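Following: one structure in structure tokens, then a few remarks.
Values quoted throughout were computed directly from the atomic coordinates according to the rules given, and no laboratory measurement underlies them. Treat the numbers as computed from the prediction; the structure is a model and nothing was measured. Cβ atoms come from the backbone with ideal geometry, glycine included; neighbour counts cover every protein chain shown.
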Amino acid sequence: MNNLIWIIGLVLILWLGRSIFIPLLVATFLWYLINAIATYVRKIFPLNDENSRASRPIAARVYDWTSNILAVLAMCGLIYFLATQIQPMYKELVAALPGLQEQFVKFGNYLSNSLGITFDASMLPNIANIATNIGSSVAGIVTSTGMIIVYMLFMFIEQSTFNKKFSALIPNKKEYKKARFIVDSIDDNMKKYLFMKTVLSGITGVLSYFWLQMIGVEFAGIWAFIVFVTSYIPTIGAIVACALPILYSLVTAPSLQQPLLTAVGLIALQVIFGNILEPKFTGKTLNLSTLAILINLVFWGTIWGIAGMFFSVPLLVAIFIITAQFDSTRWIAILLSADGNIPDKSEE
């Protein structure tokens, strides 16, 4: 009974404090992503091993700072691109949605007449309202930019003192060594996941843009951005990323050629990057149960809306990795996994 009360209380706190937690979550995601990018950028510089760093500490620090600066510039460039390119296209799409809704109604009537079934236009979702709600959610996050930047700034400041705090927290050397090994393993896995996921999602989005642009699908930039964002949601994200542009081209195109080309191109990209390359680069990190993903998606979406849905899988991946590292919680990781295979437990 007490556990149930604690769970209900925690959910209530998460819901009531969403205006605080969502900017904090966005800041944490960006902070971790920047660190992940910096970690991989650092690998192309010399002085990577401990002995070389110890022999030339000043040069090593210069390389560290250079990798951090490059990572921040890369993130700023991505944000600037999205703000200057995606936002105008999104406004054009919103303006075109009422006409698109009429096209959906006509398409529904055509299908009902062809198949001999009763069709009610009220059954169709109002895509204009859906797009407005999504825009409002994104605008809410954008208005919290100042708070997000402050959070990130203090995270980078606190980052330099983490090792000292961690060693003070666990004074026993044997326990510290074991705990440190586990934390480093979790950190490496999460950085690998975020970096590889972002790179592969970005490439998938860019290739989707060029393909849609080449075959003449309107708002190719918007659909490519949706492909990029929804790529963070395994299985479900791929379905959404393919379904929206396919459905749009099916309703607006004069023939079936464009919808078929859209389907072939987007599905092929999802299979290549999502089913072949991604498991190869991320290993068992994404070996998650589809049912667990669905439940997790609904839970965070109910509490935090669109932002919760976006971060639902990274949060689930974090839980999956962490619970796999401890004997007492490995059963949770097994339940969250797709086939019972989970990351190896870190040993002392």
By average Cβ neighbour count within 10 Å, what is the ranking of 170-182, 11-23, 266-278 from highest down?
266-278, 11-23, 170-182
Which distance in Å, rounded to a whole number, links the C-alpha centroids of the stretch 165-244 and the stretch 43-77?
23 Å
Paramagnetic reach from D184 (point 7 Å along Cα→Cβ, amide N under 19 Å) across the stretch 144-173
159-173
Take peptides 55-65, 290-300 and line them up by average Cβ neighbours within 10 Å, highest first, as a rough protection proxy.
290-300, 55-65
Non-local amide H neighbours of L288 (under 5 Å, H modeled in plane, Pro and chain starts lacking H): which ones?
A338
Determine the sum of side-chain charges near T198: Lys and Arg each +1, Asp and Glu each -1, restricted to other residues whose C-beta is under 13 angstrom from that of T198.
+2
May I ask you to compute the full-extension gain from L14 to V240, defined as 0.36 nm times their residue separation minus their alpha-carbon distance, rounded to one decimal in nm?
78.7 nm
Check the straight Cα-Cα distances from K280 and name the lysines below 23 Å, setting aside those fewer than 8 residues away within the same chain.
K43, K191, K192, K197, K345
